[in-house]
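Single-structure report; data block below.
Here, each number is a calculation from the coordinates, and none is a lab measurement. Quick caveat, the model's predicted, so the values are computed rather than measured. Note that we place each Cβ from the backbone using ideal geometry, even for glycine, and neighbour counts take in every protein chain shown.
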Amino acid sequence: MTEISRRSALGAAAATAGGLLAATAIRDDTQAAVGTETSSEAHDDELPSFRFALGEQKPIVYSGGHFREASVLEFPAAENIAGVLVNLAPGGIRELHWHANATEWAYVISGRCQVTVADPAGHCEIVDFAAGDVWYFPRGHGHAIQAFGSDECQFIEVFENGHFSGFATFSSTDWFAHTPPEVLAKNFGVPASVFAEFPKREVFIGKGPAPEPLPSDPPFGSQNSGPLTHRYRLEAQQPQTFAGGSVRLASMKEFPLSTNMTGATMRIKPGGLREMHWHPNADEWQYYLAGRVRMTVFGAKGRSRTFDFGPGDVGYVPLGYGHYIENVGEQDAEVVLVFNSGTYQDISASGWLAGNPPELLGANFSVSPSVFAQFPKQSVFITTGKG
């Protein structure tokens, strides 16, 4: 594919409040895949599709890499969270930019990249990221991302605004291209001729010489970062283990800068089940890295839908909706989970029932109270279903 100019595609509409929606003009006619439904209820048609095949979407290609995105335009069910899958070639640069309408949480899937990020206090942090690392950029923090090493760098970016689009970012090249050279000269105290060779349109993803890795021990006086780092090494965390799998969690408690988003990676063994539960304070956005799973979402009023997921698929569960995830494949399933709250909360069906008197449960379900002596005495989180 040839490089696509977003400026020519969006035209003047991109500068208006409607520019976000105008981005559909350059999108392919890719529709959100509905997934393979494995059950049918009387009122299934009242719930939307909670699966989107992001990995099958045709990428938007630039000289330094490509990306795919899943906002409400592509994935209507995901009203409150959007995602972007980015691949940067070695030396590929996601140019200096900021987001006015969303914070950014990201997980590095493979490769390495160097990130610079500026905050309102005048600090600028420069950090290297590798597979398994997480970053968090508060709304409005200026940042850039460049891949280095011999391989592509792939990462998934997640935003706590379902209407977010990569086409609505505030880019440095776009701003400079639309500022008179004499104003730039006055602003930076250099001759206007300096800007003659600057890009005349937004670059978005460019390419340049790959940076060298940062030294493990930076020289004295070389750093200007703030009190909170934008990086958290999620996969370096000791996981919480359960009978059916494991989870690593990065809420505000573990990653203090991440005040309004929580991220996690979860591994489910073959036959394992992420138990029936719901989240009372957040929507859940999922990106599947490996394995095959089946998720059912319960939306009350007799409504539920079941979908199969594989690598490259995105799942979504609205706030408060009951759901469970079962590994139906022959290998471990791996999934990145993101919640639009810095505080992680869930309520499990097993923990819920364990906290109620057997007599009440018996009356509730019209069975003998003795039945519940066989049930777990606490939440099981990820179970195998074996005693």
- prompt: Cα to Cα, under 23 Å, and not fewer than 8 places away if on the same chain: which lysines meet these conditions relative to K200?
  reply: K186
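What's the local net charge at Q238, with K and R +1, D and E -1, over the other residues with C-beta under 14 Å away? List each step's numbers first, then the result.
Numbers: positive: R233, R248, R267; negative: E235, E254.
Net of charged neighbours comes to +1.
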task: May I ask for the percentage of alpha-carbon pairs in the range 241-333 that lie more than 17 Å from each other?
output: 53 percent
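When the Cα atoms of the range 78-221 are enclosed in a convex hull and the volume is divided per residue, what value in Å³ results?
On the way: hull volume 19.2 nm³, N = 144.
Expressed per residue, the convex hull around the Cα atoms of the range 78-221 is 134 Å³.
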message: With just the Cα atoms defining each centre, how far is the range 303-333 from the range 269-300? Give it in Å.
response: 4 Å
field: Distance (nanometres) between label positions extended 7 Å along Cα→Cβ at S150 and K186
entry: 5.2 nm
- request: Can you tell me the FRET efficiency between A363 and E46 if r is taken as the Cβ-Cβ distance and R0 is 35 Å, rounded to the nearest 0.05?
  value: 0.70
- request: Return the distance in nm (one decimal) between the two label points of a simple spin-label model at T229 and E56, each offset 7 Å from Cα along Cα→Cβ.
  value: 4.0 nm
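Please give me, ordered by residue number, the trypsin sites (Lys or Arg not before Pro) of the range 233-277 that lie in loop per DSSP and have at most 14 other Cβ atoms within 10 Å. Let's see the in-between values first.
Numbers: sites: R233, R248, K253, R267, R274; in loops: K253.
Passing both the DSSP loop test and the Cβ count: K253.
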query: Residues in the range 283-304 near a label at E330, defined as backbone nitrogen under 18 Å from the 7 Å Cα→Cβ point?
result: 290-294
field: Ascending count of other beta-carbon atoms within 10 Å, so fewest first, for H141, H230
entry: H141, H230
statement: Excluding residues fewer than 8 positions from K386 in its own chain, the lysines with Cα under 19 Å of it are K269, K377
- prompt: Which entry in (1) 2.14; (2) 1.02; (3) 1.09 matches Cα Rg over 2.2 N^0.38 Å derived from the coordinates of this structure?
  reply: (3)
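If each DSSP helix of 4+ residues adds -39,500 (n - 2.57) and the sum is divided by the residues in the chain, what number results at 222 nm, nearest 500 deg cm²/dmol? Before the final figure, lay out each step's value.
Values: 6 runs with 37 residues, N = 387.
It comes out at -2000 deg cm²/dmol, rounded to the nearest 500.
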message: Over the chain, what is the relative contact order in percent, taking alpha-carbon pairs closer than 8 angstrom and at least six residues apart?
response: 17 percent
